[in-house]
Each structure stands twice: as C-alpha cells, then as structure tokens.
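Single-structure report; data block below.
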2 protein chains.
Amino acid sequence: MTMHDHIVKSYDDEQRRLLDETLRMGEMAASQLEAALDVVQRRDDKAAERIIANDEAIDALEQEISHDVMKLALRGPMARDLREILAAIRIASDIERVGDYAANVAKRSTALNLAPPLPHVAGLHALGTLAVAQLRDVLAAYRDNDVELAQRVRARDAEIDTAYTGLFRELLTYMMEDARSITACTHLLFMAKNIERIGDHATNIAENVWFLVKGEQPLPPREKRDDTNTASPV
Amino acid sequence: MTMHDHIVKSYDDEQRRLLDETLRMGEMAASQLEAALDVVQRRDDKAAERIIANDEAIDALEQEISHDVMKLALRGPMARDLREILAAIRIASDIERVGDYAANVAKRSTALNLAPPLPHVAGLHALGTLAVAQLRDVLAAYRDNDVELAQRVRARDAEIDTAYTGLFRELLTYMMEDARSITACTHLLFMAKNIERIGDHATNIAENVWFLVKGEQPLPPREKRDDTNTASPV
C-alpha cells in the first residue's frame with residue numbers, strides 16, 4: 001500500500017463518517033418527532049421534558065458535522081466530493097431545525113396538559129405521521145443517492161400542506177365556537193405549523209440530494225399548496 | 001508581479017466578492033422586512049405582491065453564493081479562509097429564511113386587508129422595527145468582524161422575545177373578547193412569530209461572526225426568554 005493510497009483511503013473514510021453522522025442526526029430528529037407526537041397523545045409531561053433535553057444531542061452532532069466538514073474541505077476536495085461536503089452541511093442544518101420543531105411540539109404539549117384534553121389532537125397526530133414518513137424517506141434517499149425517491153418526497157409535500165390547511169381551518173372553527181379553547185388551540189396551531197415546516201425541511205433535504213447527484217442541473221418544477229397564508233377571514 | 005501573487009490576489013478578490021454578495025443579500029432581506037412592515041400599516045396589496053415577488057431575487061443570490069463557495073472551497077483554502085467560506089454559506093442560509101419570513105408577513109397582510117383594520121397592528125410594527133435594527137447591526141458586525149457588536153445583538157434578542165410575548169398575550173385577549181377577530185388575529189400571531197424567528201436568525205448570524213473571528217472557542221452564555229411556548233392557558 002502506497003502513501004497515496006493511504007491518504008485517499010482516509011479521505012473516503014472521513015467522508016463516509018460524515019454521511020453516517022448526518023444520517024444518525026436525521027434518525028434522531030425523526031425519532032424525536034415521533035416521541036413528541038406520542039407525548040401529545042399520552043399527555044406525559046415527564047417524557048416531554050426528556051424530548052426537550054434530547055435536542056441538545058442533535059445540536060452537538062451538528063457541531064461535530066461542521067467540524068468534520070472543515071477538516072475535509074481543508075484537503076481541497078474535487079467537485080463531487082465538495083458537493084458531498086456542501087450537501088452534508090446543508091442537510092445537517094435542516095435536520096437541526098427539524099429537531100428544534102420536534103422539541104417545540106413536545107414543549108407545547110406540556111402547556112396543553114394544563115387544560116382538559118382536546119378532541120382535535122388526532123388531526124395533529126395524522127399530520128405528524130406524514131412528516132415522520134417524509135423524513136425517513138428523504139434520509140433513505142440521501143443514504144442511497146436515490147434521486148427518484150427524493151423527487152417523490154418533494155411531490156408528497158403537497159399532501160402535508162393540504163392536511164395542515166384542513167387542520168388549521170378546523171382549529172379556527174373550534175376557537176370561534178368556544179373562546180375558552182383559544183389558548184389551547186393556538187398552541188395546536190403552532191404545533192401544526194411546526195410540523196408543516198418539518199415537511200418543508202424534508203423537501204429541502206430532497207433538493208440537496210438532487211444537487212448532490214445531479215450537480216447544477218435545474219430541479220424539475222413542483223406544485224406547492226399551502227393556502228392558509230391567504231385564507232380569507234371568516 | 002509573480003504568478004503566485006496573481007493567484008493569491010484573485011482568491012482574495014473572490015472571497016471579498018463572497019462577503020459583498022452575502023452583505024447585499026442581507027440588506028435585501030432587511031429592506032424586505034421594512035417594506036413588509038410598511039404594507040401592513042398602509043394595507044397596500046399591490047406593494048405586498050411586489051415584496052412577495054422580490055423574494056426570488058434573494059433566493060437567486062443564495063444560489064450564486066453557494067456557487068462561489070464551491071469555487072473557493074475547490075482551491076483548498078487555509079483554516080481562516082475556510083471559516084470565511086463556512087460562515088458565508090451559513091449566514092446566507094439564515095438570510096434566505098429571513099427573506100421568506102418577510103415575504104410571509106407581506107403575504108398575510110393581504111389576507112388582513114380583506115377585513116376591517118385592526119388596532120393591534122402597532123405592536124407588530126414595533127416588534128418588526130426591533131428585528132430590522134438587529135439585522136442591520138449583525139450585518140455590520142459581519143462586515144467589520146466586530147465580535148462585540150455581534151455579542152450585543154445576541155444579548156438584545158431577549159428584548160424581541162419579551163415584546164413578542166407581550167404581543168402574543170394581547171392578541172389572545174382580543175380573540176377571546178371578539179370571536180370575529182379570531183382569523184385576523186391568527187394571521188397577526190403568525191406574523192409576530194415570523195418576526196420573532198427573524199430575531200433568532202439574527203442571533204444565528206451573530207454566532208457565526210463569533211465562529212469566524214474566534215474559531216472553535218466556545219460562545220459565552222446568553223439569556224433566552226420566550227415563554228409563550230409554555231404560556232398557561234387562560
């Protein structure tokens with residue numbers, strides 16, 4: 001084995017490590033979201049606090065990834081290798097936000113537990129389950145360089161947007177019917193918005209998988225449907 | 001002038017260009033937020049649509065910055081140069097989000113204009129003005145490598161959080177008093193949340209200025225106050 005082989009081998013090892021770390025970070029965020037959805041159902045404050053505390057591990061992993069990216073970039077990588085590095089740092093940043101949103105869902109669940117249980121929690125759970133599936137799929141697309149799967153994740157984001165819009169309108173009517181539900185429904189509105197944003201981050205990751213595999217080739221167009229921003233006041 | 005000087009000069013030129021682009025992108029986002037706050041006051045749908053359309057220019061600039069970062073990183077930069085590159089790509093990503101939030105404030109203003117004017121718009125404007133100042137200051141800190149200014153921006157984020165919490169509670173009481181205001185107040189809640197998030201992005205940028213100047217040295221601790229997540233239901 002020559003010196004050159006040794007250096008090349010070690011670069012590949014570190015790049016592999018970077019991918020593994022990013023995938024691990026992504027799985028942590030997906031699990032955090034699942035756990036957050038679960039504590040909303042179970043009204044379990046103790047478990048919610050654990051989820052909030054766990055977010056620090058995701059943040060620490062992002063720091064580690066940034067550090068590894070620095071080390072790799074200092075070696076003056078080639079174009080494809082550089083795309084790996086750039087994709088990893090962008091994907092890690094999206095995952096970090098997903099972790100924040102999941103922790104926020106858990107945090108707001110403890111606020112909800114101060115009031116009697118609400119019936120509309122089921123809609124939130126369904127929305128969140130879509131987001132978890134999107135996350136897991138886009139991480140698999142990243143792991144396998146699977147552009148087709150990444151494109152399906154992008155296309156399916158419209159489903160999350162539609163489910164979010166439905167839940168949003170439902171919550172508005174509850175608030176109008178019963179003023180005492182306003183504070184709790186406001187928390188649910190923000191929790192739903194957090195999950196809708198997690199869907200957007202899954203889409204960002206899908207677009208980075210495209211960039212990783214296809215380089216500067218332009219992305220195919222995609223439909224985007226979230227009309228709650230312009231929902232006409234009732 | 002030797003060949004070596006020529007290469008070094010040109011690297012510096014491109015690095016300077018990267019900083020200029022990122023600062024320009026930041027100023028565009030700050031102006032977009034200012035314009036969005038203004039259209040909320042003036043109830044000007046046409047101007048709101050222009051702001052929404054302008055967001056594309058910010059997104060295009062982020063693409064350009066990613067491209068320049070690729071070109072620079074391919075040259076195998078040294079540690080400090082690499083920190084410049086990493087800081088630029090992270091800061092550009094934060095600015096891109098700020099642009100999205102500003103455009104969303106403009107978008108929601110057109111929904112508000114479908115109903116009679118609300119008195120609580122003043123509080124939103126005050127909150128937004130704080131965020132614009134934070135953005136301008138943190139961009140100056142980035143331009144001048146001014147760690148002290150960046151630290152002041154981080155410390156002042158607590159003011160935005162406090163103003164946001166106050167506005168949030170105020171809006172909740174309006175919703176409870178008059179069910180007809182619920183849809184409009186929900187838009188205002190999300191607009192306020194968007195601005196609070198812009199404050200968080202200014203803080204992220206401040207932390208990247210620290211990383212740029214100080215490297216891996218740990219950040220000093222900071223207070224964070226946004227207690228609306230756990231606001232007890234009234």
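The angle between the Cα long axis of helix B:121-144 and the longest principal axis of the Cα atoms of chain B comes to about 10 degrees, rounded to the nearest 10.
Across the copies of the chain, B:SER10 has label points (7 Å from Cα along Cα→Cβ) spaced 3.1 nm apart, shortest distance listed first.
Here the dipole of the protein assembly as shown is about 460 debye; that uses its Cα centre as origin and unit charges on the Cβ of Lys and Arg (positive) and Asp and Glu (negative). Going by alpha carbons, how many degrees (0 to 90, nearest 10) lie between the helix axis of B:3-42 and the longest principal axis of chain B? Roughly 10 degrees between the two axes. Estimated purely from DSSP H runs of n ≥ 4, each contributing -39500 (n - 2.57), the mean residue ellipticity at 222 nm for chain A is -29500 deg cm²/dmol once divided by its residues. Of A:LEU33, A:LEU23, A:LEU172, the residue with the greatest mean-square motion in the GNM of chain A, using alpha carbon springs below 10 Å, is A:LEU172. Axis between B and A by rotation; chain B residue with nearest Cβ and distance in whole Å recorded as B:GLY76, 1.
With label points set 7 Å from Cα along Cα→Cβ, the inter-copy distances at B:GLN41 are 4.9 nm, sorted shortest first. With springs only between Cα atoms under 10 Å, which of B:ALA126, B:ALA53, B:ALA150 fluctuates most in a Gaussian network model of chain B? Among B:ALA126, B:ALA53, B:ALA150, the largest GNM mean-square fluctuation belongs to B:ALA53. A point 7 Å from Cα along Cα→Cβ stands in for B:PRO116, and the other copies hold the same point at 3.4 nm, listed in rising order. Each Cα pair under 8 Å and six or more residues apart adds its sequence gap; the mean of these over the residue count of chain B is a relative contact order of 26 percent.
Each part gets one Cα centre, and for segment A:54-123 versus segment B:17-41 those centres are 26 Å apart. Stretching the chain fully between B:ALA53 and B:LEU74 yields a gain of 4.2 nm (0.36 nm per residue, less the alpha carbon separation).
With axes computed from alpha carbons, what is the tilt in degrees of helix A:147-177 against the longest principal axis of chain A, rounded to the nearest 10 within 0 to 90? Computed tilt is about 20 degrees.
Rounded if a/c is under 1.5, else prolate if a/b is larger than b/c, else oblate: which is segment B:3-219, with a ≥ b ≥ c the root eigenvalues of its Cα gyration tensor? Cα axes put segment B:3-219 in the prolate bin.
Values in this text are rule-based calculations from the coordinates and carry no lab data. Note that this is a predicted model, so its numbers are computed, not measured. Positions of Cβ are generated from backbone atoms using ideal geometry, with glycine treated the same way; all protein chains shown enter the neighbour counts.
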